[in-house]
Amino acid sequence: MNGTALQEPSAPASWRIALPHTAAAVPVARALVRTALAELEHAAADCDTAELLTAELVANAVEHTAGDAPIELVVELMPNSCQVEVHDPDPAPPGNLTRPVSEEPDPWQEHGRGLLLIRTLSSSCGHRATESGKAVWFRVPVVPAQWRRS
């Protein structure tokens with residue numbers, strides 16, 4: 001270390017956008033998260049992980065909520081982490097997001113791994129009730145540029 005003080009992102013920044021209640025929202029959400037994370041000048045979150053987990057949350061919101069009301073993506077950059085929330089109109093909590101699963105997902109099934117990925121790859125995750133349904137969220141840590149591998 002050269003004795004230089006670590007620089008952190010300045011004040012928290014956030015982005016909020018309504019997305020269509022269709023599968024087309026998934027790539028849009030991924031691109032929005034990548035763009036938001038590019039705003040970090042002196043530090044970075046794991047963009048690939050953040051994009052993957054965002055895609056899982058948005059796909060779950062589209063697949064598991066009825067109707068065509070838009071879903072909302074909220075990305076908040078904080079000094080030590082990036083938090084992504086997906087708001088949907090269904091108040092029912094997501095299954096097995098914060099509690100351990102007693103059995104492994106069936107390797108022959110196409111579904112059933114999204115929440116496992118979120119639990120495993122995020123630094124924290126959860127859900128909360130909102131006025132219009134629920135928000136499901138995850139955090140990934142922000143790593144100072146000096147600590148990243150080149």
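The values are calculated or read from the model by the stated rules, or taken from the named source; none is laboratory data. As the structure is a prediction and not an experimental result, all values here were calculated from the model. Because the Cβ atoms are built from the backbone with ideal geometry, glycine has one as well, and the counts that use them run over all protein chains shown. Keep in mind that these areas ignore ligands, DNA and RNA; they rest on the heavy atoms of the full protein, side chains included. Shrake-Rupley method; radii C 1.70, N 1.55, O 1.52, S 1.80 Å.
Things worth noting here:
- Across the stretch 1-55, the qualifying residues are those that are part of a strand (DSSP E or B) and modelled with pLDDT under 80, and the one among them that is nearest to Ala135 (Cα to Cα) is Ala45.
- Checking each residue in the stretch 68-80 for being open to solvent by 60 Å² or more (accessible area, probe 1.4 Å) and either free of Cβ contacts under 8 Å to residues at least 24 places away in the same chain or farther than 25 Å from Ser124 by Cα (or both) picks out Asp68, Pro70.
- Where His127 falls short, out of the listed (1) open to solvent by less than 60 Å² (accessible area, probe 1.4 Å); (2) at pLDDT 85 or above; (3) outside any loop (DSSP other than H, G, I, E, B): (1)
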